[in-house]
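What follows is a single structure, written as structure tokens, with notes after it.
The values are calculated or read from the model by the stated rules, or taken from the named source; none is laboratory data. These numbers come from a predicted model, not from an experiment. Positions of Cβ are backbone-derived with ideal geometry, glycine not excepted, and every protein chain shown enters the neighbour counts.
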Amino acid sequence: MHKDVEFVPLNIAILTLSDSRTFDTDTSGQLLEDSLKAVGHKLAARDICKDEIYISRAIVSNWIADAGIDVIITTGGTGLTRRDSTPEALKPLFDQNIEGFGELFRQLSWEDVGTSTIQSRAVAGLANQTLIFCLPGSTGACRTGWERILKEQLDASHRPCNFAAQTRSGEHLT
């Protein structure tokens, strides 16, 4: 039997990987920031960096080590172009892969982009009690990822299970 659990605000960091976006033009990062705040989570950090393996890996590594960050959401760099390197940069940091995230994301994206969803390399993992979700760079993909997966899974009151208990902020829930 599940004990009744209230919503637990998580500290979420957002990283946009792009060679061209700025904070003024980063509609995907802004959508994620607005969405997480709207449900009661806290923005712990937000940054934009070039889609370059070692730069993005360094930023995410620092956030993983920061006890004040529970969740990292990246946007961009998950496609198949020569410049897309998010999975290669971040998967080596994972202590555990969350295989179902990419599978579910592609299934849900099918409704919007059809067979083009096969080119998405959305991935997720857990590192040092920090959840990491790598979404594509389009605003629509970020909306799908947030509204159809992350919004519920980052809510400690969601049943039968959720990701909140895997974080430092939610570890007392289990």
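Things worth noting here:
- Scanning the range 60-78 for residues that are buried (at least 19 other Cβ atoms within 10 Å of the Cβ) and either of a type outside the set (Ser, Thr, Tyr) or over 28 Å from Ser157 (Cβ atoms) (or both) yields Val60, Trp63, Ile64, Ile69, Asp70, Val71, Ile72, Ile73, Gly76, Gly77, Thr78.
- Of the criteria (1) at pLDDT 90 or above; (2) hydroxyl-bearing (Ser, Thr, Tyr); (3) surrounded by fewer than 19 Cβ atoms within 10 Å (Cβ to Cβ), which one Thr174 fails: (1)
- Complete set of residues in the range 75-95 that are more than 13 Å from Gly145 (Cα to Cα), in contact with a helix residue (DSSP H, G or I) (Cβ under 9 Å, 6 or more places away or on another chain) and at pLDDT 95 or above: Leu90, Pro92, Leu93
So that you can scan it fast, the table gives a plain yes or no per residue for (1) outside any strand (DSSP E or B); (2) closer than 22 Å to Thr81 by Cα; (3) modelled with pLDDT under 95:
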{"site": "Glu103", "(1), (2), (3)": "yes, yes, no"}
{"site": "Val113", "(1), (2), (3)": "yes, yes, yes"}
{"site": "Gly145", "(1), (2), (3)": "yes, yes, no"}
{"site": "Ser157", "(1), (2), (3)": "yes, no, yes"}
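- For the range 119-165, a residue qualifies if it is charged (D, E, K, R) and without any contact (Cβ under 8 Å) to a residue 12 or more places away in the chain, and exactly one does: Glu152.
- Leu108 being farther than 24 Å from Asp47 by Cα and surrounded by 14 or more Cβ atoms within 10 Å (Cβ to Cβ): yes
- Only residues that are in contact (Cβ under 8 Å) with a residue 60 or more places away in the chain and not in a strand (DSSP E or B) were counted in the range 67-77, giving 5.
- Within the range 10-40, the only residue that satisfies the criterion of being crowded, with 19+ Cβ neighbours inside 10 Å, part of a loop (DSSP other than H, G, I, E, B) and among the hydrophobic types (A, V, I, L, M, F, W, C) is Leu10.
- Condition broken by Leu131, with the remaining ones in (1) in contact with an Asp or Glu (Cβ under 9 Å, 6 or more places away or on another chain); (2) buried (at least 24 other Cβ atoms within 10 Å of the Cβ); (3) assigned to a helix (DSSP H, G or I) satisfied: (3)
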